[in-house]
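Undergrad: Have a look at this one before I ask anything.
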Amino acid sequence: MTNKKTILGIERVDEFTSIFTGKRIGLITNPTGIDSNFKSSVDILKEKTNLVALFSPEHGLRANIQAGEHLESYVDDETGIMVYSLYGSTRKPSKEIMDKIDIMSIDIQDCGSRYYTFIYTMAYCMQACAEYNKEFIVFDRPNPINCEKVEGNKLNIEKYRSFVGYYPIVQRHGMTMGELARLFNEEYQINCHLTVIPMLNYERWMDFEDTKLPWVTPTPNLPKVDTAYAYNATCIFEGTNISEGRGTTTPFELIGAPWIKAERLAEELNSYNLKGVHFRPQYFTPTFSKYMNQVCGGVFVHITNRKAFEALKTSWTMLYHIRTKYKDNFAINKPYTEGRPTLFHFEAGDDTVIENSIPLSKQLEQLELDAKDFYNISKKYYLYK
């Protein structure tokens, strides 16, 4: 244990001034890009470097755009700096844009999940840096759900590569943004000129609260650290006709549908005796998204012990149970584009889970094998003990 506050990568700019001197800087960020005193990373780099461009991921520079909504480039009112959208007509910056900068940097809060698009925005920008001979810098931040646990199945990139899963990693990857950048760059051969400015006083066991840093909502439906823990367990329901709680004040901490009796489902899921979690009967009425203004029955996912909680084992068990026990009602949503895989396919990432073709026990064995394999690959890129 430590009583020291974690020092973020963005707070160490003065130690790396030689990198920035005489260079035009671009920054990928959103409201999570702040130091421990709540000062914006945009303002920090504007004062200390020649910041000439800002880049906006999904949800926008101010995190005011809902999931999936595209946005285009614009001038930021606060700074007068051009903001280039990386979630509009393009995901990777063009040569015209890259010609305006010498260094692309990123300071943004990840949530520790393969499903989260920010890590692929980073990957696409690293690819652009490799292509146009620019430097890429990561101002590192904590993984809010700690880096001790690695869980999940590896993505089949031949069939299910997308913006919610681009590389063959597991859902709970157990890495920081800086470590992921190192993995992407070397293991998956982006080969850009990469520098990670690491944190100080950060260790792998730390939950976000242990860092003593302020939590800022990274996206509209991830309001709390508790949500980030539940996210890997419930996000898979996005691509189904089960509500993942969007349109409520606790998205991803509850799931349900109008045709589910809450008390019954809670009793059934609790019978699996999953570690570190309790399912409480919950009725809710979403104000938008699936089942808007309809009463849904379901469960609230109470994580009672974060260290014991196994997010992906919980996820696959919930999914298996609901699609088997409620098979007359459960459905996978249609694809966004005709002829393409569905969102469920992209997030599940493996045919045995998608088709539910093997028993739950075998699915869970596969989770353990894939997680162990990914851990053995990823640990080479760790920056922290």
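Undergrad: Is it the case, given these coordinates, that P251 is crowded, with 22+ Cβ neighbours inside 10 Å and assigned to a loop (DSSP other than H, G, I, E, B)? Walk me through how you get there before you give the answer.
TA: On the way: crowded, with 22+ Cβ neighbours inside 10 Å: yes; assigned to a loop (DSSP other than H, G, I, E, B): yes.
The answer is yes for P251.
Undergrad: Is one or more of the residues making up the stretch 299-307 in contact (Cβ under 8 Å) with a residue 24 or more places away in the chain, in a helix (DSSP H, G or I) and under 24 Å from V164 (Cβ atoms)? If you could, list the steps in order and put the result at the bottom.
TA: Of all residues in the stretch 299-307, those in contact (Cβ under 8 Å) with a residue 24 or more places away in the chain come to 299-307.
Okay, now just the ones that are also in a helix (DSSP H, G or I), so none.
No, the stretch 299-307 contains no residue that is in contact (Cβ under 8 Å) with a residue 24 or more places away in the chain, in a helix (DSSP H, G or I) and under 24 Å from V164 (Cβ atoms).
Undergrad: Could you tell me whether any residue of the stretch 55-69 is modelled with pLDDT of 85 or more, among the polar types (S, T, N, Q), within 30 Å of G245 (Cα to Cα) and under 18 Å from the mean Cα position of the chain (by Cα)?
TA: yes
Undergrad: Just to be sure I understand the filter: pairs with C-beta atoms under 7 Å, separated by 6 or more residues or on different chains, first member in the stretch 31-57 and part of a loop (DSSP other than H, G, I, E, B), second member among the polar types (S, T, N, Q). Which pairs pass?
TA: Note: pairs meeting the criteria are T32/Q109; G33/S40; G33/S41; P57/N30; P57/T117; P57/T121.
Yes or no, residue by residue, for (1) assigned by TED's automatic domain parsing to the domain that holds Y231; (2) closer than 25 Å to L183 by Cβ; (3) in a helix (DSSP H, G or I); (4) among the hydrophobic types (A, V, I, L, M, F, W, C):
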| residue | (1), (2), (3), (4) |
| --- | --- |
| F288 | yes, no, no, yes |
| M318 | yes, no, yes, yes |
| H321 | yes, no, yes, no |
| Y375 | no, yes, yes, no |
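Undergrad: For the stretch 202-209, state whether one or more residues are in contact with a strand residue (DSSP E or B) (Cβ under 9 Å, 6 or more places away or on another chain), more than 24 Å from C125 (Cα to Cα) and either outside any strand (DSSP E or B) or not β-branched (V, I, T) (or both).
TA: Initially, the stretch 202-209 is screened for residues in contact with a strand residue (DSSP E or B) (Cβ under 9 Å, 6 or more places away or on another chain), giving 202.
Within this subset, residues satisfying the condition of being more than 24 Å from C125 (Cα to Cα) are 202.
Those left that are additionally either outside any strand (DSSP E or B) or not β-branched (V, I, T) (or both): 202.
Scanning the stretch 202-209, I find at least one residue that is in contact with a strand residue (DSSP E or B) (Cβ under 9 Å, 6 or more places away or on another chain), more than 24 Å from C125 (Cα to Cα) and either outside any strand (DSSP E or B) or not β-branched (V, I, T) (or both), so the answer is yes.
Undergrad: Moving to a separate point now. Does the stretch 127-184 hold any residues that are surrounded by 23 or more Cβ atoms within 10 Å (Cβ to Cβ), more than 12 Å from the chain's Cα centre (by Cα) and on the phi > 0 side of the Ramachandran plot, and which are they?
TA: G152
Undergrad: Working only within the stretch 323-345, note down all residues that are in a loop (DSSP other than H, G, I, E, B) and of a type in the set (F, W, Y).
TA: Within the stretch 323-345, the subset in a loop (DSSP other than H, G, I, E, B) is 326-331, 333-342.
Hits for the stretch 323-345 are Y326, F330, Y336.
Undergrad: Only residues that are aromatic (F, W, Y) and over 19 Å from the mean Cα position of the chain (by Cα): list them for the stretch 361-380, please.
TA: Hits for the stretch 361-380: nothing passes.
Undergrad: Next question, about the same structure. Is there a residue in the stretch 352-372 that is modelled with pLDDT under 95, of a type in the set (S, T, Y), surrounded by fewer than 18 Cβ atoms within 10 Å (Cβ to Cβ) and part of a helix (DSSP H, G or I)?
TA: Looking through the stretch 352-372, at least one residue is modelled with pLDDT under 95, of a type in the set (S, T, Y), surrounded by fewer than 18 Cβ atoms within 10 Å (Cβ to Cβ) and part of a helix (DSSP H, G or I).
Undergrad: I've got another one for you. In the stretch 219-238, how many residues are out of contact with any strand residue (DSSP E or B) (no Cβ under 8 Å at 6 or more places or on another chain), more than 12 Å from N143 (Cβ to Cβ) and either assigned to a helix (DSSP H, G or I) or not basic (K, R) (or both)?
TA: Of the residues in the stretch 219-238, the ones out of contact with any strand residue (DSSP E or B) (no Cβ under 8 Å at 6 or more places or on another chain) are 219-225, 227-228, 231, 235-236, 238.
Right, trim to more than 12 Å from N143 (Cβ to Cβ) and you get 219-224, 227, 231, 235-236, 238.
This time we only want the ones that are either assigned to a helix (DSSP H, G or I) or not basic (K, R) (or both), so: 219-223, 227, 231, 235-236, 238.
So the answer is 10.
Undergrad: Considering only the stretch 332-385, how many residues are farther than 17 Å from W316 by Cβ, free of Cβ contacts under 8 Å to residues at least 60 places away in the same chain and polar (S, T, N, Q)?
TA: Residues in the stretch 332-385 being farther than 17 Å from W316 by Cβ, free of Cβ contacts under 8 Å to residues at least 60 places away in the same chain and polar (S, T, N, Q): 2 in total.
Undergrad: From the list Y124, Y87, exactly one residue is of a type in the set (F, W, Y), under 21 Å from the mean Cα position of the chain (by Cα) and at pLDDT 95 or above. Which is it?
TA: Numbers: Y87 fails: at pLDDT 95 or above.
Only one candidate qualifies: Y124.
Undergrad: Looking only at residues in the stretch 285-294 that are without any contact (Cβ under 8 Å) to a residue 40 or more places away in the chain and surrounded by 12 or more Cβ atoms within 10 Å (Cβ to Cβ), which one is farthest from E253 (Cα to Cα)? Reasoning before the result, please.
TA: So in the stretch 285-294, the residues without any contact (Cβ under 8 Å) to a residue 40 or more places away in the chain come out as 285, 293-294.
Going one step further and asking which of them are surrounded by 12 or more Cβ atoms within 10 Å (Cβ to Cβ), we end up with 285, 294.
Values: T285: 14, Q294: 18 Å.
Filtering the stretch 285-294 for residues that are without any contact (Cβ under 8 Å) to a residue 40 or more places away in the chain and surrounded by 12 or more Cβ atoms within 10 Å (Cβ to Cβ), the one farthest from E253 (Cα to Cα) comes out as Q294.
The values are calculated or read from the model by the stated rules, or taken from the named source; none is laboratory data. A quick note: this is a predicted structure, and the numbers were derived from the prediction, not measured. Cβ coordinates were reconstructed from backbone atoms using ideal geometry, including for glycine residues, and neighbour counts include every protein chain displayed.
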